[in-house]
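To start, the structure under review is shown below, and the notes come after it.
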Amino acid sequence: MADLHIVDDLRQLPAAWDELLAQQVGATPFMRRAYLQALQAGGSAVAATGWQAAFALLMQGQVLQAAAPLWIKGHSWGEYVFDQAWARAYAAQGLRYYPKGVLAVPFAPVPGSRLLAQDAVARAQLLQGLTQFAAQAGLSGLHLLFGDAADARAAREQGWVAREQPQFHWQRDPNWRGYEDFLASLRRDKRKKLLQERRQVRDAGVTVRVLQGEAIGAADWAFFERCYANTYAVRGQQAYLAPGFFAECGVDWLLFIAEQGGEPIAASLLACDGGDGRDGTPTGARRRVLWGRHWGCVRELPFVHFELCYHAPIEWAMAQGIERFEGGAQGEHKMARGLLPVATQSWHWLADAGFAEALQRFGEQEQAAVAAYEAELAARSPFR
């Protein structure tokens with residue numbers, strides 16, 4: 001009989017976590033032990049910031065059968081799936097929505113495996129154990145964010161309610177031999193706009209440096225962190241991720257730095273799984289994917305954001321044989337730069353029977369609206 005163990009100190013996660021992750025179809029670097037441990041060790045995802053770790057390990061003796069990143073939360077920040085209206089509805093009925101349980105990677109709307117498991121049976125047992133734990137801990141419910149297809153099947157079979165939202169991803173066409181082929185595949189008006197944007201950046205005397213992995217020096221990291229913090233500061237907010245996190249979390253980072261007159265003015269940070277194992281990802285989990293993560297600037301110039309976040313990364317991806325570039329959450333403007341809508345899902349379970357029934361109705365209505373929106377987006381493809 002398998003037993004569920006809860007771990008709140010992520011230094012105690014077993015090495016078997018990464019071994020189990022490598023078996024999942026939807027494995028990403030953001031679910032690796034080093035990344036999750038760095039979130040906690042640096043103070044980014046800790047109880048004081050509203051992210052209390054309660055990671056679940058389903059053990060059969062000494063063998064890890066299944067595992068999941070569970071966080072107990074007193075707010076809804078840093079999730080990218082919005083449920084604040086649900087919290088207000090609970091409050092209107094004199095009920096507490098918080099604390100709630102979230103199965104997710106903090107601050108990272110990256111689709112991938114959340115319920116790590118040896119097989120479907122173990123995944124189902126893990127999900128059952130999690131709901132039992134949530135009920136015992138007095139959580140209002142559980143929310144599985146940006147899971148993969150295996151997670152979706154397990155949640156659906158246990159009656160969880162789905163929500164869907166589009167992200168925007170670039171996918172390499174196997175017929176494209178280079179960046180020029182990508183440009184040629186765009187509609188004439190989109191291609192013209194894209195080239196005009198890139199030309200205006202060049203005409204402003206802006207050049208772009210690309211650094212990967214160990215080539216990113218201390219001064220480069222310091223500049224990027226300045227840009228990253230400034231993105232939040234202009235909105236009067238504190239940056240989610242603590243200084244030093246990026247250089248310590250074990251991800252193969254790709255840094256684009258824009259310079260004008262020899263001075264850095266902006267930066268974008270992407271994560272890369274180039275299929276070469278540079279980030280330590282086991283062979284079976286390598287995908288040749290680029291993930292857009294963060295952007296910031298100290299001097300604003302027209303179209304530099306698009307250059308660093310879309311145009312230059314796509315050109316780099318083409319040159320490096322990357323198959324997919326995930327541009328991150330939200331942003332219809334990404335379509336004009338060659339990224340197309342892709343459905344992502346979250347799954348939800350509420351302990352209160354009345355609200356669970358209302359959630360079912362809400363889910364059906366929302367899904368119909370989202371499907372119509374996605375159909376509208378599909379009709380606006382930038383490609384010929």
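The values are calculated or read from the model by the stated rules, or taken from the named source; none is laboratory data. Note that the coordinates shown come from a computational prediction; the quantities given were computed from them, not determined experimentally. Note that each Cβ is placed from the backbone with ideal geometry, even for glycine, and that neighbours are counted across all protein chains shown. In case anyone asks, the SASA skips ligands and DNA or RNA and just uses the protein heavy atoms, side chains included. Shrake-Rupley method; radii C 1.70, N 1.55, O 1.52, S 1.80 Å.
Can we say VAL251 is at negative phi, in contact (Cβ under 8 Å) with a residue 12 or more places away in the chain, surrounded by 20 or more Cβ atoms within 10 Å (Cβ to Cβ) and over 25 Å from the mean Cα position of the chain (by Cα)? Against the criterion (at negative phi, in contact (Cβ under 8 Å) with a residue 12 or more places away in the chain, surrounded by 20 or more Cβ atoms within 10 Å (Cβ to Cβ) and over 25 Å from the mean Cα position of the chain (by Cα)), VAL251 does not qualify.
Quick one: count up the residues across the stretch 29-69 that are basic (Lys, Arg) and part of a loop (DSSP other than H, G, I, E, B).
Our first condition is that a residue be basic (Lys, Arg); within the stretch 29-69, this holds for 32-33.
Those still in the list that are part of a loop (DSSP other than H, G, I, E, B) too: 32.
Here the count works out to 1.
The residues in the stretch 215-243 that are open to solvent by 60 Å² or more (accessible area, probe 1.4 Å), among the charged types (D, E, K, R) and either touching a Leu at 6+ places or on another chain (Cβ under 8 Å) or modelled with pLDDT under 95 (or both) can be counted, and the count is 1. Would you check if there is a residue in the stretch 244-258 being at pLDDT 95 or above and touching a Cys at 6+ places or on another chain (Cβ under 7 Å)? Yes: one or more hits. Filter the stretch 111-150 down to residues that are aromatic (Phe, Trp, Tyr) and in a helix (DSSP H, G or I), then give me how many there are. The number of residues fulfilling the criteria is 1.
Taking the stretch 147-182 as the range and being aromatic (Phe, Trp, Tyr) and within 26 Å of GLN365 (Cβ to Cβ) as the test, the residues that pass are TRP160, PHE168.
Within the stretch 212-249, being among the aliphatic types (A, V, I, L, M) and out of contact with any Phe, Trp or Tyr (no Cβ under 8 Å at 6 or more places or on another chain) holds for ALA215, ALA218, ALA219, ALA222, ALA229, ALA233, VAL234, ALA242.
Checking the conditions here, which among GLN65, GLN12, GLN60 is farther than 24 Å from ALA150 by Cβ and open to solvent by 30 Å² or more (accessible area, probe 1.4 Å)? Walk me through it before giving the result.
Working: GLN65 fails: farther than 24 Å from ALA150 by Cβ; GLN60 fails: farther than 24 Å from ALA150 by Cβ.
Checking each option against the conditions leaves just GLN12.
Within the stretch 80-101, the set of residues being assigned to a loop (DSSP other than H, G, I, E, B) and in contact with a Leu (Cβ under 6 Å, 6 or more places away or on another chain) comprises VAL81, PRO99.
Of all the criteria given as (1) more than 21 Å from LEU270 (Cα to Cα); (2) touching a Phe, Trp or Tyr at 6+ places or on another chain (Cβ under 7 Å); (3) assigned to a helix (DSSP H, G or I), the one not satisfied by ALA162 is (3). Quick check on the stretch 37-48. Is at least one of its residues crowded, with 20+ Cβ neighbours inside 10 Å and more than 19 Å from the chain's Cα centre (by Cα)? Taking every residue of the stretch 37-48 in turn, none turns out to be crowded, with 20+ Cβ neighbours inside 10 Å and more than 19 Å from the chain's Cα centre (by Cα).
Within the stretch 15-31, count every residue that is among the charged types (D, E, K, R) and either touching a Phe, Trp or Tyr at 6+ places or on another chain (Cβ under 8 Å) or surrounded by fewer than 18 Cβ atoms within 10 Å (Cβ to Cβ) (or both).
Applying the first criterion (among the charged types (D, E, K, R)) to the stretch 15-31 yields 18-19.
Keeping just the survivors that are either touching a Phe, Trp or Tyr at 6+ places or on another chain (Cβ under 8 Å) or surrounded by fewer than 18 Cβ atoms within 10 Å (Cβ to Cβ) (or both) gives 19.
Adding up the residues that qualify gives 1.
Residue count for the stretch 184-225, restricted to those that are touching a helix residue (DSSP H, G or I) at 6+ places or on another chain (Cβ under 6 Å) and charged (D, E, K, R): 4.
Restricting the stretch 83-121 to residues that are surrounded by fewer than 21 Cβ atoms within 10 Å (Cβ to Cβ) and among the small types (Gly, Ala, Ser) leaves a set whose member that is farthest from LEU13 (Cα to Cα) is ALA92.
Yes/no per residue for (1) among the small types (Gly, Ala, Ser); (2) free of Cβ contacts under 8 Å to residues at least 60 places away in the same chain:
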site: LEU13; (1), (2): no, yes
site: GLN24; (1), (2): no, no
site: ALA45; (1), (2): yes, no
site: GLY61; (1), (2): yes, yes
site: GLN65; (1), (2): no, no
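Scanning the stretch 335-384 for residues that are among the basic types (Lys, Arg) and exposed (fewer than 14 other Cβ atoms within 10 Å of the Cβ) returns ARG361, ARG380, ARG384.
If you go through the stretch 312-334, how many residues are in a helix (DSSP H, G or I) and surrounded by 22 or more Cβ atoms within 10 Å (Cβ to Cβ)?
4
The single residue among GLY296, GLY274 that is surrounded by 15 or more Cβ atoms within 10 Å (Cβ to Cβ), at pLDDT below 95 and touching a strand residue (DSSP E or B) at 6+ places or on another chain (Cβ under 9 Å) turns out to be GLY274.
Close contacts from the stretch 155-183, counting a first residue that is within 30 Å of ARG123 (Cβ to Cβ) and exposed (fewer than 12 other Cβ atoms within 10 Å of the Cβ) and a second that is at pLDDT 95 or above and not hydroxyl-bearing (Ser, Thr, Tyr), with Cβ to Cβ under 9 Å and a gap of 6+ residues or different chains, come to GLY159/TRP349.
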